[in-house]
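The structure appears right after this line, and notes come after that.
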Amino acid sequence: MEFTNVLIVKNAKEHGVNNLYVTNGKYSDKSYDKIHADCNGLVAYPSLINIHDHLVGNWVPKGAPGRPYANTNIWVKELNDSDPIKERDKYLKTPMSHLMEEAGLDLAMLGVYKNIFSGVTIIQDHVPRQKDEYYQSFPIKVISDFQQGHSITGKNWWGGDELSEEMKKTRGKIPFIIHLAEGSDELSRGEFDELVEQGLLKSNSIFVHCTALTTEQFKQLKAAGASIAWCPNSNIYLLGITLDIDTVLKLGINICLGTDSTLSGSTNLLKEIIYTKQTFPEIPNETLFKMVTENSAKALMLDTYKGKIEPDVDANLLLTRMNKKDPYENFVTLNTCDIELLMSVGKPIFGKVEYLKYFSWDAKDYYLFECNGSKMFVTGHPEEILKKIEKKLGYKKHFDYLPF
Ligand SMILES: [Zn+2]
């Protein structure tokens, strides 16, 4: 398949108008069939990676009655008694360690749709490791190769092994993910030393939040080659602060941007990008672009996709409108309805209905709706999940990340 005359943004440095080729789910150097999509005036980006989400936590509205918190251990305890969680739990009955039962899977799928509608095709779902069938249930990639801890203070209260055992199981070959120093008090500040003591500061570590870290600790983190998952909207909402981004960028730490769940974070990853740009206008657009593409691919140790458009890697494509001439400036202003087509490994996931004619497709596999006057499709049936939730609650529930 060939996308003709499209502005291809290969990575944070290289871009130009050319034809883009996809063959058997991979980007290729030429077309092997006669399928052409004219994409004059459109931009092709590598699709996005959401480094931090809790898929079943994507309920609304946000719930944090006692904010700002000195640390989020307080919030996690309060959350279970909060209105949004009480409402969600009328639907979700399964514990976090077993999400394969229907309601858990439905809610996780809703979280996947949040991501699809923001150009994401790869998600790190931070929960205890589920059965393989869970990861095989989704139309985009929810990473299954990882080990995790909830946090240093809370340990693995939600399921999983001892933190050091979880790290051991990675054998350095898959990422180890943990919330770290999410607060501004003594308790949060003490977590880094404990982490080092427990042998968790490694090159395959991804530390989420890091709001209490000092410059010295960031230097140690950089020396170890670890990565950071940054969720500024969630941090500022819950804590009133976020990490020292100037120091992190100056030190050249591998930093990635994620959403967290909608109980504390942005509506979706595109909104998180817009929020971050508005809050930190000094961060170059190209840097923000890297934080949701190649930096995240590196942190998650992905092997068939590096968050770039290059031959022989998975054709994960985010094709959008061009509202701004500079593609990186365009990137930091994108919204759901600017998406023309989202592909995961060459498969159409979401986009304008007119693109479906280039693929072999079956109407029953898609849900069709309108977005800003355009007819759109999305893979699967999110509307069925909404119906089930409505039946259980007895009233209609609206999720603002769903564009219908
Ligand atoms: Zn989180």
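Please report Asp145, Asp38 as a ranked list, fewest other C-beta atoms within 10 angstrom at the top and most at the bottom.
Values: Asp145 14, Asp38 11.
Going from least to most buried by this count: Asp38, Asp145.
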Report task. Quick one: net charge around Glu310, please, counting Lys, Arg +1 and Asp, Glu -1 for every other residue with C-beta under 14 Å from its C-beta. Result -> -1
Query raised in the report: Between region 331-359 and region 25-92, what's the alpha-carbon centroid distance in Å?
Result: 17
Query - Overall dimensions of region 49-299 as given by Cα atoms, namely Rg and Dmax in Å - result: 16.6, 46
Query raised in the report: When Glu2, Glu194, Glu286, Glu133 are ordered from fewest to most other Cβ atoms inside 10 Å of their Cβ, what list results?
Result: Glu133, Glu194, Glu286, Glu2
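Only helical DSSP H runs with n ≥ 4 go in: add -39500 (n - 2.57) per run for the chain, normalise by residue count and round the 222 nm mean residue ellipticity to 500 deg cm²/dmol.
On the way: 14 runs with 120 residues, N = 404.
Calculated from helices alone, the mean residue ellipticity at 222 nm is -8000 deg cm²/dmol.
Using the structure shown, list the pairs from Lys325/Lys352; Lys13/Lys347; Lys86/Lys364; Lys93/Lys202 with a Cα-Cα distance above 30 Å, or answer none. Don't jump to the answer; show the numbers that get you there.
Numbers: Lys325/Lys352 22 Å; Lys13/Lys347 26 Å; Lys86/Lys364 34 Å; Lys93/Lys202 36 Å.
Beyond 30 Å: Lys86/Lys364; Lys93/Lys202.
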Report summary line: Under the 7 Å Cα-to-Cβ spin-label approximation, Ser144 and Lys306 lie apart by a distance in nanometres of 2.6
Query raised in the report: For region 73-178, rounded, prolate or oblate, judged on the Cα gyration tensor with a ≥ b ≥ c (square roots of eigenvalues), a/c < 1.5 rounded, else prolate if a/b > b/c?
Result: oblate
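Would you please name the chymotrypsin sites (Phe, Trp or Tyr not before Pro) within region 1-37 that are DSSP coil residues with at most 15 other C-beta atoms within 10 Å of their C-beta?
Working: sites: Phe3, Tyr21, Tyr27, Tyr32; in loops: Tyr32.
Here the sparse-neighbourhood loop sites are Tyr32.
For Val6, what is the net charge nearby, where nearby means another residue's Cβ is under 11 Å from its Cβ and Lys, Arg count +1, Asp, Glu -1?
Working: positive: none; negative: Glu2, Asp38, Glu340.
With Lys, Arg at +1 and Asp, Glu at -1, the net is -3.
Taking a threshold of 30 Å on the Cα-Cα distance, which of the pairs Lys77/Lys271; Lys277/Lys357; Lys271/Lys387; Lys222/Lys271; Lys26/Lys392; Lys131/Lys388 fall above it? Don't skip to the answer; put the middle values down first.
Numbers: Lys77/Lys271 27 Å; Lys277/Lys357 36 Å; Lys271/Lys387 26 Å; Lys222/Lys271 28 Å; Lys26/Lys392 42 Å; Lys131/Lys388 24 Å.
In this structure, Lys277/Lys357; Lys26/Lys392 lie more than 30 Å apart at Cα.
So for each of 157-163, 205-211 I average, over its residues, the number of other beta carbons within 10 Å; can you give me the resulting order with the highest mean first? Don't skip to the end; give the middle numbers.
Values: 157-163: 16.7, 205-211: 25.9.
Sorting 157-163, 205-211 by mean packing, highest first, produces 205-211, 157-163.
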Query raised in the report: When only C-alpha pairs under 8 Å and at least 6 residues apart count, what is the relative contact order of the chain, in percent?
Result: 20
Report task. Obtain the radius of gyration and the Kirkwood radius of region 1-159 from its C-alpha atoms and give Rg over Rh. Result -> 1.09
Query raised in the report: How many nm separate the modelled label positions at Glu162 and Lys397, each set 7 Å beyond the Cα in the direction of the Cβ?
Result: 3.8
Query - Environment charge of Ala223, counting only residues whose C-beta is closer than 14 Å and scoring Lys/Arg +1, Asp/Glu -1 - result: +2
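From the Cα trace of region 177-237, what convex hull volume per residue do you get, rounded to a whole Å³? Can you show the working numbers first?
Working: hull volume 4.5 nm³, N = 61.
Value for region 177-237: 74 Å³ per residue.
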Query raised in the report: For Trp230, Trp59, what ranking results if the residue with the fewest other Cβ atoms within 10 Å of its Cβ goes first?
Result: Trp59, Trp230
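Rounded, prolate or oblate: which fits region 360-404 when a ≥ b ≥ c are the square roots of the eigenvalues of the alpha-carbon gyration tensor, with rounded for a/c under 1.5 and prolate only if a/b beats b/c? Please report the intermediate quantities before stating the final value.
Working: a/c = 3.40, a/b = 1.53, b/c = 2.22.
Here region 360-404 falls in the oblate category.
Bear in mind that the values in this text are calculations on the coordinates, not laboratory data. Please read all numbers here as calculations on a predicted model, not as lab measurements. Please note: Cβ atoms are built from the backbone with ideal geometry, for glycine as well, and neighbour counts cover all protein chains shown.
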